[in-house]
């Protein structure tokens, strides 16, 4: 009797957890959709990057969500991980720029991730680059269902992007999203030659596509304005008071989710740079360096989050 009761309670708890997950994901998705519509008209030539990034982040908060990571604003050959730094670098959208906005929303650690591109460049060789990433996202979604290997979807993505005469980026691509983890265990690659994973009911995936006029490969730059807690490092000695304060603040507010150094600047008046430096040296923080294609390349990005269901998928963003 007791065993049956325990089993029944466990089943009820599982159902409650699943419902919480679904409700949270739907709420986060709705917020992400609203933020995209809100921020798109603000992306104009002459607008400062800091204004766009902070406006989008503020809107996420106003709508009842939290940032799953700092809003990324990556221009031209910069593919990912750029957000405005602690001290404004004056980045401004210029004529002929190709701009990518990547944003994430979470409710209690349940995350959605979405991205879009805006092209101000009239060059003929760029006229279909956003169409390429949008088309690949749609095709990838249509293939998504339980039992499908993401490697097969990667082959389809590669064929579509190359069919538009652009290159997918081999180091970047879609990914499973887990609670409190933007990049989960399973991958959704951009190339058919890369390993894949089986989709299962309940999996959440970011269908993320990049198309490049360059070589289709990114490198890590020396610039870094985004960090995340390293959960695999144990207790380490910290000399600086600011390091200890930052570590406590990050643990309480972001857990293992990525955060911006400028967020710390809003909380702490002094000591942010030195505190971050010590935490990185001691292995407590991971750096998310800005990722760049070759110098004269242009990169577009499109991304939507889906939930794998019995019948196929449900779009969340």
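The values are calculated or read from the model by the stated rules, or taken from the named source; none is laboratory data. What you see is a predicted model; the values in this text were computed from it and never measured. Heads up, the Cβs are rebuilt from the backbone with ideal geometry, glycines too, and the neighbour counts pull from every protein chain shown.
Observations, loosely collected:
- The listed residues are 156, 186, and the only one of them that is at negative phi, modelled with pLDDT of 95 or more and under 17 Å from the mean Cα position of the chain (by Cα) turns out to be 186.
- Of the candidates 39, 31, the single residue that is assigned to a helix (DSSP H, G or I), in contact with a helix residue (DSSP H, G or I) (Cβ under 7 Å, 6 or more places away or on another chain), modelled with pLDDT of 95 or more and farther than 24 Å from residue 252 by Cα is 39.
- Candidates 185, 213 - the one that is assigned by TED's automatic domain parsing to the domain that holds residue 155 and surrounded by fewer than 14 Cβ atoms within 10 Å (Cβ to Cβ): 185
- All conditions in (1) crowded, with 16+ Cβ neighbours inside 10 Å; (2) more than 25 Å from residue 190 (Cα to Cα) hold for residue 281, with the sole exception of (1).
- Among the residues making up the stretch 202-253, those that are closer than 20 Å to residue 86 by Cα and under 15 Å from the mean Cα position of the chain (by Cα) are 225, 226, 227, 228.
- Of all residues in the stretch 256-264, none are in the same structural domain as residue 126 (by TED's automatic domain parsing) and in contact with a helix residue (DSSP H, G or I) (Cβ under 7 Å, 6 or more places away or on another chain).
- Cross-chain or 6+ apart pairs with Cβ under 7 Å, the stretch 16-31 first and touching a residue at least 24 places away in the same chain (Cβ under 8 Å), then surrounded by fewer than 18 Cβ atoms within 10 Å (Cβ to Cβ): 24/108; 31/63; 31/64
- For the stretch 122-131, the count of residues that are in contact (Cβ under 8 Å) with a residue 60 or more places away in the chain, surrounded by 22 or more Cβ atoms within 10 Å (Cβ to Cβ), touching a strand residue (DSSP E or B) at 6+ places or on another chain (Cβ under 7 Å) and closer than 18 Å to residue 306 by Cβ is zero.
- Note on the stretch 269-315: residues that are closer than 28 Å to residue 216 by Cα and assigned to a loop (DSSP other than H, G, I, E, B) total 6.
- Number of positions in the stretch 57-83 that are over 15 Å from residue 301 (Cβ atoms) and either assigned to a loop (DSSP other than H, G, I, E, B) or in contact with a strand residue (DSSP E or B) (Cβ under 9 Å, 6 or more places away or on another chain) (or both): 10
- Single match in 225, 219, 288 (criterion: surrounded by fewer than 17 Cβ atoms within 10 Å (Cβ to Cβ) and touching a strand residue (DSSP E or B) at 6+ places or on another chain (Cβ under 8 Å)): 219
- Of all the listed residues (95, 108), the sole one being closer than 21 Å to residue 293 by Cβ and out of contact with any strand residue (DSSP E or B) (no Cβ under 6 Å at 6 or more places or on another chain) is 95.
- Of all the listed residues (60, 93, 52), the sole one being assigned by TED's automatic domain parsing to the domain that holds residue 133, surrounded by 13 or more Cβ atoms within 10 Å (Cβ to Cβ) and within 15 Å of the chain's Cα centre (by Cα) is 60.
- Here residue 309 fulfils each of the conditions (1) in contact with a strand residue (DSSP E or B) (Cβ under 6 Å, 6 or more places away or on another chain); (2) modelled with pLDDT of 95 or more apart from (1).
- Condition met for residue 212 (in contact (Cβ under 8 Å) with a residue 60 or more places away in the chain and closer than 23 Å to residue 118 by Cα): yes
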